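Here the structure is laid out as structure tokens; the discussion comes afterwards.
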Amino acid sequence: MRVFPLVTALVVTVVLYLSIMEREALLGFAGVLGDEVQEHTDTDAQEQTRVRVLAQRSVAQPVASTVVLRGRTEAQRQVEIRSETSGLVISDPLRRGASVQAGDRLCEVAPGVRKAALDEAQARLSEAEINFRAASGLSESGFSTDVRLANARAALQAAQAGVDRAVEEMARLVMHAPFDGLLETDTAELGSLLQPGALCATLIQMDPIKLVGFATEAQIDQLEQGAAAGARLASGREVMGTVSFIARSADAQTRTFRVDVTIPNPDGSIRDGQSADIIIQAQEQTGHLLPSSALTLNDAGELGLRLVDDDGLVSFAPAQILRDSADGIWLAGLPEEIGAITVGQEFTREGARVHVTWDDNAQARQ
């Protein structure tokens, strides 16, 4: 007896039974199996379609940021010395560029009748002193009234005031330098007539000298008094100094704030009014040093980075540019530790998953 025909008949019988009597259960089993196969197929397809990107790990570091201003040099002090009285100049002129010390004579005016007026005032003072002493003696002896003594005292005081006025008028004849500096103009010429308010000379102080710049509203909060500063003059010379003044009120027209930097100028070689590019050390911040090519825009037009975690999930973080450098660009406003996509960020989006290759040598190169 052959076994094969019996086995074949048994299998056919079982298949017919399942097809007819257990048709619904059989179809359900086939559907589950098909779903599992489809799920595995979709997963494999997704794995194959993931974008491959290059990313760089970065830890925030202190950044010595700076503020760059366009400005000019300005004398520390400048004053126009003018006459307070009238008269002919009797002093020889000093020529522009001459160095003078505080108290040096610059211009002198002829005294004219002022000397005579002083002598007269001193004579009246002597007379008033004699009259006052006499009135005081008579008043103590009871031979004079208090009114006469008061009149004598008033006359003495008036005479003293007259002497003081004459002495002050004589002092106005000579004009002195109020501080050490350089003459920017010749002093008044010998024999010229000066009237009250007429110019004797212009004196400037060049050591130290100031650099004057104007900071915008966005820059002013980064500056502080006493901060180190440097500048490159139009001639190419580089100088160093410190911030000595920061304006509290903005210019009404430009909405900028004046910033003064004081620098030494012992030889006076830096002149007033030279153009200068001023660099001021700003408050220290923390940032990430990354290639400038890593920057991108999100759908809202914000500038930032596309970040990725160890699982390949992509996110977007807005970033603020601090400054450029030879090794890349410093960015602020980011988490302390990030994984930034440096290549392929334009081919992915937030919420997507990517294949990540980490650039472990990036920090060493920077």
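Regarding segment 154-177, can at least one residue be identified that is on the phi > 0 side of the Ramachandran plot and either open to solvent by less than 40 Å² (accessible area, probe 1.4 Å) or outside any strand (DSSP E or B) (or both)? Steps first, please.
Of all residues in segment 154-177, those on the phi > 0 side of the Ramachandran plot come to none.
Among the residues of segment 154-177, not one is on the phi > 0 side of the Ramachandran plot and either open to solvent by less than 40 Å² (accessible area, probe 1.4 Å) or outside any strand (DSSP E or B) (or both), which makes the answer no.
Determine which member of the set D119, D92, D104 is open to solvent by 50 Å² or more (accessible area, probe 1.4 Å), within 30 Å of K210 (Cα to Cα) and of a type in the set (D, E). Break it down into steps so the answer makes sense when it comes.
Working: D119 fails: within 30 Å of K210 (Cα to Cα); D92 fails: within 30 Å of K210 (Cα to Cα).
Among D119, D92, D104, only D104 is open to solvent by 50 Å² or more (accessible area, probe 1.4 Å), within 30 Å of K210 (Cα to Cα) and of a type in the set (D, E).
Being open to solvent by less than 80 Å² (accessible area, probe 1.4 Å) and more than 20 Å from the chain's Cα centre (by Cα) is the filter here; which residues of segment 248-272 pass it? Steps first, answer last, please.
Residues of segment 248-272 open to solvent by less than 80 Å² (accessible area, probe 1.4 Å): 250-252, 256-263, 265, 268-270, 272.
Scanning segment 248-272 gives N265, G268, S269, I270, D272.
Condition check: over 37 Å from the mean Cα position of the chain (by Cα), at pLDDT 90 or above and of a type in the set (V, I, T). Does V109 satisfy that? Don't jump to the end; show me each part of the working.
Values: over 37 Å from the mean Cα position of the chain (by Cα): yes; at pLDDT 90 or above: yes; of a type in the set (V, I, T): yes.
Against the criterion (over 37 Å from the mean Cα position of the chain (by Cα), at pLDDT 90 or above and of a type in the set (V, I, T)), V109 qualifies.
For segment 255-292, which positions are among the hydroxyl-bearing types (S, T, Y) and touching a strand residue (DSSP E or B) at 6+ places or on another chain (Cβ under 7 Å)? Break it down into steps so the answer makes sense when it comes.
Start the filter on segment 255-292 by keeping residues that are among the hydroxyl-bearing types (S, T, Y), which leaves 256, 262, 269, 275, 286, 292.
Result: T256, T262, S275, T286, S292.
With respect to T202, determine if the residue is of a type outside the set (A, V, I, L, M), open to solvent by less than 40 Å² (accessible area, probe 1.4 Å) and not in a loop (DSSP other than H, G, I, E, B). Reasoning before the result, please.
On the way: of a type outside the set (A, V, I, L, M): yes; open to solvent by less than 40 Å² (accessible area, probe 1.4 Å): yes; not in a loop (DSSP other than H, G, I, E, B): yes.
So T202 fits the description; yes.
What number goes with the only condition from (1) among the polar types (S, T, N, Q); (2) part of a helix (DSSP H, G or I); (3) touching a Pro at 6+ places or on another chain (Cβ under 6 Å) that S139 does not pass?
Of the numbered conditions (1) among the polar types (S, T, N, Q); (2) part of a helix (DSSP H, G or I); (3) touching a Pro at 6+ places or on another chain (Cβ under 6 Å), the odd one out for S139 is (3).
If you take the residues in segment 72-89 that are open to solvent by 20 Å² or more (accessible area, probe 1.4 Å) and in a loop (DSSP other than H, G, I, E, B), which one is nearest to L183 (Cα to Cα)?
Filtering first and then ranking leaves E84.
Can T43 be described as modelled with pLDDT of 65 or more and either open to solvent by 60 Å² or more (accessible area, probe 1.4 Å) or of a type in the set (S, T, N, Q) (or both)? Let's see the steps before the verdict.
Numbers: modelled with pLDDT of 65 or more: no; either open to solvent by 60 Å² or more (accessible area, probe 1.4 Å) or of a type in the set (S, T, N, Q) (or both): yes.
Criteria not met by T43.
Given the options E129, E140, name the one that is free of Cβ contacts under 8 Å to residues at least 24 places away in the same chain, farther than 30 Å from G191 by Cα and open to solvent by 60 Å² or more (accessible area, probe 1.4 Å). Full working, then the answer.
Values: E129 fails: free of Cβ contacts under 8 Å to residues at least 24 places away in the same chain.
The conditions single out E140.
Starting from segment 262-273, take each residue that is under 15 Å from L183 (Cα atoms) and list its partners that are hydrophobic (A, V, I, L, M, F, W, C), counting only C-beta distances under 6 angstrom and pairs at least six apart or across chains.
Matching pairs, first to second residue: G268/M206; D272/A75.
Look through D311, D359 and report the one residue that is open to solvent by 50 Å² or more (accessible area, probe 1.4 Å), of a type in the set (D, E), more than 29 Å from E224 (Cβ to Cβ) and more than 20 Å from the chain's Cα centre (by Cα). Show your work before the answer.
Working: D359 fails: open to solvent by 50 Å² or more (accessible area, probe 1.4 Å).
Residue meeting the stated conditions: D311.
Looking only at residues in segment 216-237 that are outside any loop (DSSP other than H, G, I, E, B) and either of a type in the set (S, T, Y) or more than 24 Å from Q78 (Cα to Cα) (or both), which one is least open to solvent (accessible area, probe 1.4 Å)? Full working, then the answer.
Within segment 216-237, the subset outside any loop (DSSP other than H, G, I, E, B) is 217-220, 228-233.
Subsequent filtering for residues that are either of a type in the set (S, T, Y) or more than 24 Å from Q78 (Cα to Cα) (or both) retains 217-220, 228.
On the way: E217: 116, A218: 81, Q219: 44, I220: 25, A228: 45 Å².
The extreme case among them is I220.
Return a yes/no flag: does segment 333-351 have any residue that is touching a Gly at 6+ places or on another chain (Cβ under 6 Å) and either open to solvent by less than 70 Å² (accessible area, probe 1.4 Å) or without any contact (Cβ under 8 Å) to a residue 60 or more places away in the chain (or both). Show your work before the answer.
Step one: filter segment 333-351 for residues touching a Gly at 6+ places or on another chain (Cβ under 6 Å), giving none.
Checked segment 333-351: no residue is touching a Gly at 6+ places or on another chain (Cβ under 6 Å) and either open to solvent by less than 70 Å² (accessible area, probe 1.4 Å) or without any contact (Cβ under 8 Å) to a residue 60 or more places away in the chain (or both).
Being part of a strand (DSSP E or B) and over 17 Å from Q76 (Cβ atoms) is the filter here; which residues of segment 247-271 pass it?
So the first thing to find is which residues in segment 247-271 are part of a strand (DSSP E or B), and the list is 257-263.
F257, the sole residue that qualifies.
Would you say L194 is surrounded by 14 or more Cβ atoms within 10 Å (Cβ to Cβ) and either within 30 Å of Q101 (Cα to Cα) or among the acidic types (D, E) (or both)?
Here the answer is yes, as L194 does meet what is asked.
State the number of residues belonging to segment 319-358 that are of a type outside the set (A, V, I, L, M), modelled with pLDDT of 85 or more and not in a strand (DSSP E or B).
11
For S293, indicate whether it is within 30 Å of L54 (Cα to Cα), of a type in the set (G, A, S) and either open to solvent by 60 Å² or more (accessible area, probe 1.4 Å) or within 15 Å of the chain's Cα centre (by Cα) (or both).
Working: within 30 Å of L54 (Cα to Cα): yes; of a type in the set (G, A, S): yes; either open to solvent by 60 Å² or more (accessible area, probe 1.4 Å) or within 15 Å of the chain's Cα centre (by Cα) (or both): yes.
Answer is yes for this residue.
If you take the residues of segment 323-332 that are touching a Leu at 6+ places or on another chain (Cβ under 8 Å) and on the phi < 0 side of the Ramachandran plot, which of them is most open to solvent (accessible area, probe 1.4 Å)?
D327
The values are calculated or read from the model by the stated rules, or taken from the named source; none is laboratory data. Predicted model only: the values in this text are computed from it and were never measured. As a convention, Cβ positions derive from the backbone with ideal geometry for all residues, glycine included, and neighbour counts pool all protein chains shown. Please note that ligands, DNA and RNA were not included when accessible areas were found on the heavy atoms of the full protein model with its side chains. Shrake-Rupley method; radii C 1.70, N 1.55, O 1.52, S 1.80 Å.
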